[in-house]
Amino acid sequence: MNIIILLLVTIFSYLSFLYGRSRIRKITSTQSIKINALPNYYGYYLALWCALPALIILLFWSIFEPAIIKYLISQTLIQNDLNYSSEQLNLLYQKIRSLYEGNFSGTLTEEIKIGVKNYENLQTIAQNSKIVLLLSTFIAAISYGIFRISKNNKARHDVEKILTGLLFVCSLVAILTTMGIIFSLLFESLKFFSAINIFDFLFGMNWSPQRAFVSDASAITALEYENLKGAFGSVPLFAGTAFIALIAMLVAVPIGLFSGIYMAEYASSKVRKYSKPIIEILAGIPTVVYGFFAALTVGPFFRELGEKLNLEVSSESALAAGLVMGVMIIPYVSSLSDDVINAVPQSLRDGSYAIGATKSETIKNVVIPAALPGIVGSVLLAVSRAIGETMIVVMAAGLAANLTINPLESTTTITTQIVMLLIGDQEFDSPKTQSAFALGLTLFFATLILNYIALRFVKKYREKYE
Amino acid sequence: MKNNKIKIKSSNLNVHYGEKQALFDVDLDIYDKEVTALIGPSGCGKSTFIRCINRMNDVIDICKVEGSITIDDEEIIDKNLDVVGLREKIGMVFQKPNPFPKSIYDNISYGPTIHGLAENKTDMDEIVENSLKKAALWNEVKDRLNEAGTGLSGGQQQRLCIARAISVNPQVILMDEPCSALDPIATAKIEELIDELKKSYTIVIVTHSMSQAVRVSQRTGFFHLGKIIEVDTTEKIFKNPGNKMTQDYITGRFG
Ligand SMILES: Nc1ncnc2c1ncn2[C@@H]1O[C@H](COP(=O)(O)OP(=O)(O)OP(=O)(O)O)[C@@H](O)[C@H]1O
Ligand SMILES: [Mg+2]
């Protein structure tokens, strides 16, 4: 149904576009008035009047219709039996809906049958009133639009205003969503921190959430609390995250930067044409593929190598995960620094060559310093990519929260632990689940601070040299 | 003319950008410790010509240079020539000031460092001070040597670029429209500076301003469509040109 409506709206908007355009042409040619905007703008204007109100109504209708119908049905059910709890009501409503949709299984009661009848009625009423409402708005809006066009209004101005409004709404949606996510993180974390002291969480050296067997955070006994306190120390996770990211950056920054420099300064246009896309393919490989590459190829390779050298290498090691993650990040660093280096004005290079500098001297002393803010930016982007990466670590670095700086042992990261905390059956109010939100929040703040520092640094640098 | 020593001699110089020929059999003599102005309509090959003198055209892949240019009778259009050494001898100042994104001090010390001209910090300080003094910039920047070169005004930046060119003690300075991005006052300063510099350096300047050519140069070459039409003393070119085209150009009838 909605699809048909959308289709109709599209067709009608297109028609009204054509109509608006020809209409204004006719008006201006018969009355020989000066037109206020290009005819196309009148077309757009009418098309917007045709589409926008209908789409807005459709949107709100689709959001609120199910809730209203559910409310009405629940009301009738309650009239029959006042003793229904809200959960029972919910269940009944689900049954009614599935019967209506034809995939009901279970015992049919009289109540459900009546409910379905009701549901059917309500659906038709809703359907009809939706169509009536849509039609009448459509007619009203389009007549208003045509009326305005006949007056040769400032269509360009109005179209611009409507478009500005639309763009504003889109950015508002983006901002509100972000806020919503942050607040939900914040609230869940606050629940967690009401059970676990925030200092125990931030500075605790031991991470073993499986010890936290209590299910109800609001009713913790003293003994349980003692048990809990030591279970949620996040230091090993942060250390592991930083450690693996460090290994990854040790791989990605030199290789990525140097290949970026090569692409930008040395490669002939032919080499560039073929090799740049190839490097960028690396960025398109799904991380899970890197993950099993790390787990099945690189990890075992290091273990065997270690055995030959009489070294203890666990098959899931920070080294394997970090290396593969580094490879994954290379294209980010290289293609960004390539772009940044290309953006350095040729006149600076000319100035350096003209005084007798060689190519490498020019790159080292002039090009790289001039491109540094951008390079720092791309490296920091890569760092946050490394910190947020989950899949490779899940598969290759293991899950044991060891506090270690031995790259041959297994470690774990924040993101991996969040995954572990939330997979499987979880009760939403156990500290174990809530700790995932706390981890997410801390990670969020850590990245935020990182980005802030990066921006400050870049800005300071710019001020110095611009 | 106070001397007749030829510093730079180009003969039969042909330059192609890919298929397109930009210079045709250019023969031009540039005399020692003089200012030679190159004039001509846009696209006639003035920049191409002076970029041949310090081999800056090497940077452009599609550019092919044939013929001969000698500096003090040494051939420089030669694959085996040490370009770094050549460019140390021949400084260049560009149309748009292009100071490096470094401090004023580092902008000047860049060249001497690369060529190993200073033994120690005091030597370097001296080079920097002398170059800035010669470029008539010292008094304006002596208290802010550690500030960014890009923070100077356009005219100061251009003088900084001249100081940078001077810092490696070249014999020739090439200037490609050095004043085209500057206001009249800054231009006057640079012209004054050029007058001063010609005592120690041979200068080739490309300019679109006839009055500038008259003011600063002793000799003028007129280019048209990649060919050198006429070269003579500036006085002769502007008072009594030997060629109808030169006459038309300097009186503003085309170009
Ligand atoms: N990098 C290049 N690639 C291809 N053709 C070029 C290049 N540089 C210059 N040319 C061509 O060579 C010819 C001479 O250019 P040149 O820059 O020497 O002119 P000009 O006399 O300096 O002009 P202007 O006074 O505008 O600076 C022009 O026709 C130009 O199109
Ligand atoms: Mg030019």
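In whole Å, what three semi-axes, largest first, describe the equivalent ellipsoid of chain B built from its Cα gyration tensor (square root of 5 times each eigenvalue)?
In descending order, the three semi-axes are 30, 21, 16 Å.
Residue-wise, which Karplus ³J(HN,Hα) couplings in Hz belong to region A:436-449, taking 6.51 cos²θ - 1.76 cosθ + 1.60, θ = phi - 60°, and x for glycine or proline?
Values per residue, Gly and Pro as x: 4, 5, 4, 4, x, 5, 4, 4, 4, 5, 4, 5, 4, 5 Hz.
If you take every DSSP beta bridge fully contained in the protein assembly as shown, what fraction is antiparallel? Give it as a percent rounded to 5.
60 percent
Calculate the dipole size of chain A relative to its Cα centre from +1 charges on Lys and Arg beta carbons and -1 charges on Asp and Glu beta carbons; express the result in debye to the nearest 20.
So the dipole magnitude of chain A works out to roughly 2780 debye.
Please report Rg (one decimal) and Dmax (integer) in Å for the Cα set of region A:235-461.
20.2, 70
Given a 1.4 Å probe, how much area per residue of region A:219-330 is accessible, in Å²?
51 Å²
May I ask for log10 I(q)/I(0) of region A:42-100 at q = 0.29 Å⁻¹, from a Debye sum over the Cα atoms as equal point scatterers with solvent left out?
Results for region A:42-100 at q = 0.29 Å⁻¹ read -1.12.
At a 1.4 Å probe, what is the % contribution of carbon and sulfur to the accessible area of region A:2-153?
65 percent
With only alpha-carbon atoms counted, please give the Rg and Dmax of region B:1-151, in Å.
18.1, 52
Run through all the Cα pairs of region A:92-157 and give the fraction in each 10 Å bin from 0, expressed as whole percent.
P(r) for region A:92-157, in whole percents per bin: 18, 27, 16, 14, 13, 10, 2.
Could you give the C-alpha radius of gyration of region A:2-153 expressed as a fraction of 2.2 N^0.38 Å, taking N as the number of residues it contains?
1.57
Give the Debye-formula value of log10 I(q)/I(0) at each listed q (0.27 Å⁻¹), with one equal scatterer per alpha carbon of region A:380-456, two decimals each.
The Debye formula, applied to the Cα set alone, gives -1.24.
Considering all alpha-carbon pairs of region B:10-90, what whole percent are spaced by more than 23 angstrom?
Tail of P(r) above 23 Å: 16 percent of Cα pairs.
Please work out the ratio of the alpha-carbon Rg of region A:258-300 to 2.2 N^0.38 Å and round it to two decimals.
Rg over 2.2 N^0.38 Å, computed on Cα atoms: 1.54.
Towards the positive end of the charge dipole of region A:2-153, with charges on Cβ (+1 Lys, Arg; -1 Asp, Glu), say which of A:S62, A:G102, A:V9 has the farthest Cα.
A:V9
Students often get this wrong: which residues of region A:61-88 have the backbone nitrogen under 13 Å from the point 7 angstrom along Cα-to-C-beta of A:E110?
Answer for this model: A:80-81.
Using the per-residue mean of other Cβ atoms lying within 10 Å as a proxy for protection, in what order, highest first, do the peptides B:164-173, A:156-165, B:127-136 fall?
Order by mean packing, descending: B:164-173, B:127-136, A:156-165.
Accessible area per residue, 1.4 Å probe, Å², for chain B: what's the number?
For chain B, the solvent-accessible area averages 44 Å² per residue.
For region B:78-231, what is the charge dipole size about the Cα centre, in debye to the nearest 20, if Lys and Arg each add +1 at the Cβ and Asp and Glu each add -1 at the Cβ?
Around 300 debye, computed over region B:78-231.
Please turn the phi angles of region B:242-252 into ³J(HN,Hα) values with the Karplus equation 6.51 cos²θ - 1.76 cosθ + 1.60 (θ = phi - 60°), one per residue in order, whole Hz, x for glycine and proline.
Karplus values, whole Hz, x for Gly and Pro: x, 10, 4, 5, 4, 3, 4, 5, 6, 8, x.
Give me the accessible area buried between chains B and A, both sides summed, with a 1.4 Å probe, in Å² rounded to the nearest 100.
What B and A bury together is about 1800 Å².
Among the lysines, which have Cα under 26 Å from the Cα of B:K79 when same-chain residues fewer than 8 positions away are ignored?
A:K270, A:K359, A:K364, B:K7, B:K9, B:K20, B:K46, B:K64, B:K89, B:K227
Which whole number gives the average, over all residues in B:113-119, of C-beta atoms from other chains lying within 10 Å of the residue C-beta?
So the per-residue partner count for this stretch is 2.
Picking from A:A357, A:A396, A:I449, whose Cα lies most toward the positive end of the charge dipole for region A:235-461 (charges on Cβ: Lys, Arg +1; Asp, Glu -1)?
Most positive-ward Cα: A:A357.
As a check on your grasp of the helix formula, calculate [θ] at 222 nm for the protein assembly as shown: sum -39500 (n - 2.57) over DSSP H runs of n ≥ 4, divide by the residue count, round to the nearest 500.
Value at 222 nm, helices only, nearest 500: -20500 deg cm²/dmol.
Treating cross-link reach as a plain straight distance, find the lysines whose alpha-carbon is under 21 Å from the alpha-carbon of A:K154, omitting any fewer than eight places away in the same chain.
List returned: A:K26, A:K34.
At q = 0.06, 0.11 Å⁻¹, what log₁₀ I(q)/I(0) does the protein assembly as shown have when each alpha carbon counts as one equal point scatterer in the Debye sum?
So the normalised log intensities are -0.68, -1.15.
How large is the accessible surface per residue of region A:2-153, computed with a 1.4 Å probe and reported in Å² as a whole number?
Using a 1.4 Å probe on heavy atoms only, each residue of region A:2-153 averages 63 Å².
Please check region B:85-112 for residues whose accessible area, probe 1.4 Å, is lower by 20 Å² or more when all protein chains are in place than in their chain alone.
Output list: B:R87, B:F94, B:N98, B:F100, B:P101, B:K102, B:Y110.
The values are calculated or read from the model by the stated rules, or taken from the named source; none is laboratory data. Source: prediction; values computed, not measured. Here the Cβ is made from the backbone with ideal geometry for all residues, glycine too, and neighbour counts use every protein chain on show. Side chains included, ligands, DNA and RNA excluded: accessible areas come from the protein's heavy atoms. Shrake-Rupley method; radii C 1.70, N 1.55, O 1.52, S 1.80 Å.
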